[in-house]
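Visitor: Have a look at this one.
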């Protein structure tokens with residue numbers, strides 16, 4: 001009887017495997033969603049991040065002809081390390097042969113081996129996000145003890161005509177941020193995300209260093225699409241836009257949008273959003289997309305609908321508890 005080990009070998013990824021892994025990811029995306037998902041430049045930004053351990057946190061499945069037919073990764077880079085994220089993909093031509101199950105076992109084993117990094121007495125969880133179109137993957141997670149935890153939307157606006165002009169609240173100024181305001185910009189985003197479900201506090205210096213690295217290495221990086229809302233000299237809102245996104249053509253992306261708690265309910269978030277919409281439209285970009293918690297504690301989904309965005313697809317977040325304890329993740333807004 002042929003076994004998995006007779007057909008496939010498993011090993012960590014190296015950068016030399018990069019294009020083959022990108023081709024694999026896009027083969028999966030073409031099969032399920034009819035369009036490619038990513039490119040080598042964007043993936044290298046993740047794999048070469050200083051905080052990512054490629055040797056210990058990636059795994060490839062290779063067939064007898066030395067073709068890469070599966071890829072899995074574990075992300076466990078944020079202190080206090082209580083939320084660990086796994087992800088994997090199998091070539092459609094090799095689905096149903098046990099590779100996905102082997103990946104899931106490796107991800108969980110690797111995550112459990114890192115529990116010692118977490119503070120004593122805290123809940124530790126392994127989470128995986130998956131598109132609604134991946135029905136076999138949904139079943140695999142559920143069959144292996146994962147529970148559906150949250151639903152997220154990809155939302156988009158398709159602008160055939162200029163978007164509505166922003167209504168700037170009295171006493172507020174919206175403008176592109178300067179380079180010397182970059183850290184303050186990320187401070188607003190970090191502080192505003194304290195009211196997002198699932199947020200786990202981490203050292204701010206670590207957060208801002210990683211965010212600066214990631215956004216500056218993304219294909220759509222454009223500092224001129226970073227907008228701040230100011231009340232006097234105080235930065236109270238931030239919108240980080242990208243001029244393009246790998247997955248969707250002619251589409252800009254709102255990577256981050258946040259307002260401080262005391263500034264909410266005044267129209268600041270909507271004004272920031274519409275300001276970015278107007279700028280990308282002037283540049284000839286017809287669509288703007290973003291990702292959002294479907295049950296956002298701050299009402300973000302309603303804000304985006306008000307701006308004319310619609311739900312394009314669902315992404316499900318699954319969770320498996322690795323150790324019970326005190327949950328450090330935000331569950332409600334005080």
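A short reminder: the numbers here are calculations on the coordinates, not readings from a lab. As the structure is a prediction and not an experimental result, all values here were calculated from the model. Methodologically, a virtual Cβ is constructed for each residue, glycine included, from the backbone with ideal geometry; neighbour enumeration extends over all protein chains shown.
Visitor: Run the numbers for residue 201 and residue 213: contour at 0.36 nm per residue of separation, minus the present Cα-Cα distance, in nm.
Guide: Full extension of this stretch gives 2.4 nm more.
Visitor: At a Förster radius of 56 Å, what calculated FRET efficiency corresponds to the Cβ-Cβ distance of residue 179 and residue 64, to the nearest 0.05?
Guide: My answer for the efficiency is 0.60.
Visitor: What relative contact order, as a whole-number percentage, does region 155-315 give when Cα pairs under 8 Å and 6 or more residues apart are counted?
Guide: Relative CO of region 155-315 lands at 33 percent.
Visitor: Can you compute the helix-only [θ] at 222 nm over the chain? Use -39500 (n - 2.57) per DSSP H run of at least 4 residues, normalise by all residues, nearest 500 deg cm²/dmol.
Guide: -9000 deg cm²/dmol
Visitor: A follow-up question, please. Provide 160, 243, 84 in ascending order of the number of other Cβ atoms located within 10 Å of each residue's Cβ, fewest first.
Guide: Going from least to most buried by this count: 160, 243, 84.
Visitor: DSSP beta bridges in the chain, what fraction antiparallel, as a percent rounded to 5?
Guide: The answer is about 90 percent antiparallel.
Visitor: Okay, moving on. Label 7 Å along Cα→Cβ of residue 7; region 52-68 residues with amide nitrogen under 16 Å?
Guide: In region 52-68, the label zone of residue 7 (backbone N under 16 Å from the point 7 Å along Cα→Cβ) covers 61-68.
Visitor: When the Cα centres of region 8-65 and region 242-292 are compared, how far apart do they sit, in Å?
Guide: Taking the Cα centre of each part, region 8-65 and region 242-292 sit 29 Å apart.
Visitor: Given an 8 Å cut-off on Cα distances and at least 6 residues of separation, report the relative contact order of region 4-118 as a percent.
Guide: This gives 26 percent for region 4-118.
Visitor: Continuing with the same structure: Measure nothing fancy, just the Cα-based angle from helix 182-192's long axis to the longest principal axis of the chain, in degrees from 0 to 90, nearest 10.
Guide: Taking Cα atoms only, the helix is inclined about 80 degrees.
Visitor: Separate question: Tell me, what is a quarter of the convex hull surface for the C-alpha atoms of region 34-105, in nm² with one decimal?
Guide: 6.3 nm²
Visitor: Suppose we keep just the DSSP beta bridges with both residues in region 1-128; what percent of those would be antiparallel, to 5?
Guide: Antiparallel: roughly 80 percent of the beta bridges in region 1-128.
Visitor: Divide the volume of the convex hull of the Cα atoms of region 280-334 by its number of residues and quote the answer in cubic angstrom per residue.
Guide: So the per-residue Cα hull volume is 135 Å³.
Visitor: Based on alpha-carbon positions alone, could you give the equivalent ellipsoid semi-axes of region 155-315 from the gyration tensor, as √(5λ), descending, whole Å?
Guide: Equivalent ellipsoid semi-axes, largest first: 22, 18, 17 Å.
Visitor: Under a 10 Å cutoff between Cα atoms, tell me which one of 93, 220, 241 has the largest fluctuation in the Gaussian network model of the chain.
Guide: For the chain, modelled as a Gaussian network with Cα springs under 10 Å, the answer is 93.
Visitor: Right, here's the next one. Which of the peptides 6-19, 246-259 is most tightly packed, and how do the rest follow, judged by the mean count of other Cβ atoms within 10 Å per residue?
Guide: 246-259, 6-19
Visitor: With a Förster radius of 30 Å, plug the Cβ-Cβ distance of residue 326 and residue 191 into 1/(1 + (r/R0)^6) and report the FRET value to the nearest 0.05.
Guide: After rounding to 0.05, the efficiency reads 0.85.
Visitor: Let me ask you something else. With the contact rule set at Cα under 8 Å and sequence spacing of 6 or more, what percent relative contact order holds for the chain?
Guide: Taking the mean separation of contacting Cα pairs over the length of the chain, I get 23 percent.
Visitor: Could I ask something else about it? Quick one: helix 18-33 against the long Cα principal axis of the chain, what's the angle to the nearest 10°, folded into 0 to 90?
Guide: 80 degrees
Visitor: For an R0 of 22 angstrom, estimate the FRET efficiency from the Cβ-Cβ distance between residue 283 and residue 48 and round to the nearest 0.05.
Guide: 0.15
Visitor: Additional query: In degrees from 0 to 90, rounded to the nearest 10, what is the angle of the helix 204-217 Cα long axis to the longest principal axis of the chain?
Guide: Orientation of helix 204-217: about 80 degrees from the principal axis.
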